[in-house]
Amino acid sequence: MGDQQIIEVSKLYKTFGRTTVVNNLSFHVMQGDIYGFLGPNGAGKSTTLRMLVSLIKPDSGDISIIGKDLHKNRPEIMRSCGILIERPDFYKYLNAIDNLKVISNSGGVCVSRRRIHEVIEMVGLTGHEHKKVKTYSQGMKQRLGLAQALLHNPALLLLDEPSNGLDPQGIREMRELIISLNKVHGKTILLSSHLLYEIELMANRMLIINKGASVVEGDVFELLNQGIYRVNFNVSDVIKAKELLSRITNEPITTDQATQTITATLSNHQIPVANQLLVEHQIDVHAIKPLRALEEYFLSLT
Amino acid sequence: MTFILTTKTELYKIFSRPRTYIAYAAILIIILAIQFAIYADGQKLLDFTTQNLRESFDFSGNLLNGYFISYLILNALWVHIPLLVALVVGDLLAGEANMGTFRFILTKPVSRITLCTSKFIAAILYSASLIILLGILSLALGVLLFGSGDLIVLRDTINIFSEDDILWRFILAFAYGLLGMCVVAALSFFLSALSDNSIGPIIGTMTIIIACTIFSSLDVSIFHYVRPFLFTTYITEWRSFFDYQIDYQKITKASLVLLAHIVILFSFTIYYFNKKDILS
């Protein structure tokens, strides 16, 4: 990845009434990143993204994009950004081509018909471009939303939950398209999602936020693969198993008699040791399910 | 360049929507209905209107002519046109918020002031198109169906204008009427900025017009103080163009008050819209 900061957010605050929606949030996105912006529903992701594209004014804090202050250089910055915020909504009485034309012209950007057809092909809507948008499925609208973000060939894409409303095949195609936009076309992408696995499959760096505040930021692989797991063992004797596992870990161990499950925090190499220990003491191990610590933490938020 | 592009696009959006044509269809249907009704039974109406005068005056010639019909239509329709203006203008900002399309448009390089101004210019042009349609249909169709002739206008006095002294009065009356409709458009546009759905601004505009009309016309002392500041006090001033001695000073003052309303309402719209958080 590049060494130039494309987005720099510093000490961002936003309140609605008495509710603090974004609380002292700081992060930065480097050139060439697919930056995962992860958080449960209501964590403040969309509000943050809306502030990044000046739909909402922050109470305080600084936003710099492509090295320029957003407040002072908004038109120039917006020319470099392709943006898809939440679910895409269009003029239902117009077809896809007219929608793309009207949206870009309304926003003060003139695009050629050729470019419109290029992006329609890029998002896989060829053959549907003359249909009125009111006949489109949610997945088709999502693709058209991405098409409008790509229209003026921006260097930076800010995509808010781009897979929302798509079927599994659509999610996969969208994922491949986003990765290709990054790898083949060299676009820097800020990708918001409430799905960890989606971020894991696409992003190289990520930030988890909760209640508007930063929880953890860093390299996706390093954060998710620190070698610490919460491991669920499905065993025949929970009490005896707890006693045995307490010999190899000092972390708290929880048990659930009803499901015959015992949960322990173990490192990567302790898992086979624990399994061997249980088996040697005539405890039947029916299943072992390791859950990465960050994954478990994130699931506890959602 | 950006401003021309955005204004053209706003006009395209207005004229791509079916609801825009409801207003044109409404004007067409109402004018045709009135003209057909007068064509069928108009002489009785004219006789009724002039029955007291016939005792003192001798009327001759084609009094039930296109100009007379146009004047009747203007009197009948000036209260309905604001609804047709609000129907489209009230939707210009609130409709985008309701549809969620602001999330696309306002994340493009255009400034909110440019977008807002383009939309307002488009609103004015749309209002002008309604007034022009009203003028052409009522005058041209009226003259075509009923022929031309002198115009009798009953105001404080009986005013009779010869055929060659009428058209310019209508043109100025329609121009003044357009100024009045621009105030309605500015009001509707302001309410549209406040709202995230289109119904609110339409109902709001009509409610304010009805309330202000009552305040302007009720002869109660408490309203005397506010009356000079209400646009509804001046919106019917187009009738002054059908006086023998046109009071241009009064018309100029009325025009300036209407213009001030437009400037103030549009300034509020820009100010509010520019700092509004787009949450839709």
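If the segment from residue B:259 to residue B:17 were pulled out straight at 0.36 nm per residue, it would be longer than the present Cα-Cα gap by 84.2 nm. Cα-based radius of gyration for the stretch B:133-280, normalised by 2.2 N^0.38 Å, reads 1.27. In whole percents, the pair-distance distribution calculated for the stretch B:2-275 from its alpha-carbon pairs, binned every 10 Å from zero, is 6, 26, 31, 22, 10, 3, 1, 0.
Peptides B:218-230, A:44-56 ranked from most to least packed by the mean count of surrounding Cβ atoms within 10 Å: A:44-56, B:218-230. The label-point distance for residue B:132 and residue B:274, in a model that sets each label 7 Å from Cα toward Cβ, rounds to 3.1 nm.
Once the Cβ-Cβ distance between residue A:71 and residue B:47 is put in as r, and R0 is 60 Å, what FRET efficiency do you end up with, to the nearest 0.05? Computed FRET efficiency for residue A:71 and residue B:47: 0.25.
Here the label points at residue A:228 and residue B:245, each 7 Å from Cα along the C-beta direction, are separated by 9.6 nm in the simple model. Between residue A:269 and residue A:5, the contour length at 0.36 nm per residue exceeds the Cα-Cα span by 91.3 nm. Here, the protein assembly as shown has an Rg and a Dmax of 33.9, 126 Å when only alpha carbons are counted.
A straight Cα-to-Cα reach below 26 Å connects residue B:13 with the lysines A:92, A:101, A:131, A:132, A:134, A:141, B:108, B:119, B:275, B:276, residues fewer than 8 places away in its own chain not being considered.
Partners of residue B:8 within straight-line reach, counting aspartates and glutamates whose Cα lies under 19 Å from its Cα and excluding those fewer than 8 residues away in the same chain: A:98, B:91, B:96.
One decimal place: the segment residue A:211-residue A:134 gains 24.2 nm when fully extended, by the rule 0.36 nm per residue minus the C-alpha distance.
Helical runs assigned H by DSSP (4 residues or longer) give the protein assembly as shown a calculated mean residue ellipticity at 222 nm of -15500 deg cm²/dmol, each run adding -39500 (n - 2.57) before division by the residue total.
Percentage of Cα-Cα pair distances in chain A greater than 30 Å, rounded to whole percent? Roughly 44 percent, once rounded to a whole number.
As a size descriptor, the averaged projected area of the C-alpha convex hull of the stretch B:1-94 was calculated at 9.0 nm². Taking the C-alpha atoms only, the angle from helix B:2-16 to the longest principal axis of chain B is near 60 degrees.
Applying 1/(1 + (r/R0)^6) with r as the Cβ-Cβ distance of residue A:112 and residue A:197 and R0 = 41 angstrom yields a FRET efficiency of 0.60.
Residues A:249, B:107, arranged from fewest to most other Cβ atoms within 10 angstrom of their Cβ, appear as A:249, B:107. Annotation: Cα Rg of the stretch A:70-156 relative to the compact-globule expectation 2.2 N^0.38 Å equals 1.05. Restricted to Cα atoms, the stretch A:175-302 shows a radius of gyration and a Dmax of 18.5, 57 angstrom. With each label modelled as a point 7 angstrom along the Cα→C-beta vector, the residue A:221-residue A:299 pair spans 2.4 nm. Summing Lys and Arg as +1 and Asp and Glu as -1 over all other residues whose Cβ lies under 15 Å from the Cβ of residue B:212 gives a net charge of 0. In square nanometres and to one decimal, what's the mean projected area of the convex hull around the Cα atoms of the stretch A:1-160? Approximately 10.2 nm², given one-decimal rounding. Distance between the C-alpha centres of the stretch A:1-68 and the stretch A:178-252: 22 Å, rounded to the whole angstrom.
The numbers here are math on the coordinates, done by the rules we state, and not lab data. Quick caveat, the model's predicted, so the values are computed rather than measured. Glycine also receives a Cβ, built like all others from the backbone with ideal geometry; neighbour counts cover every protein chain displayed.
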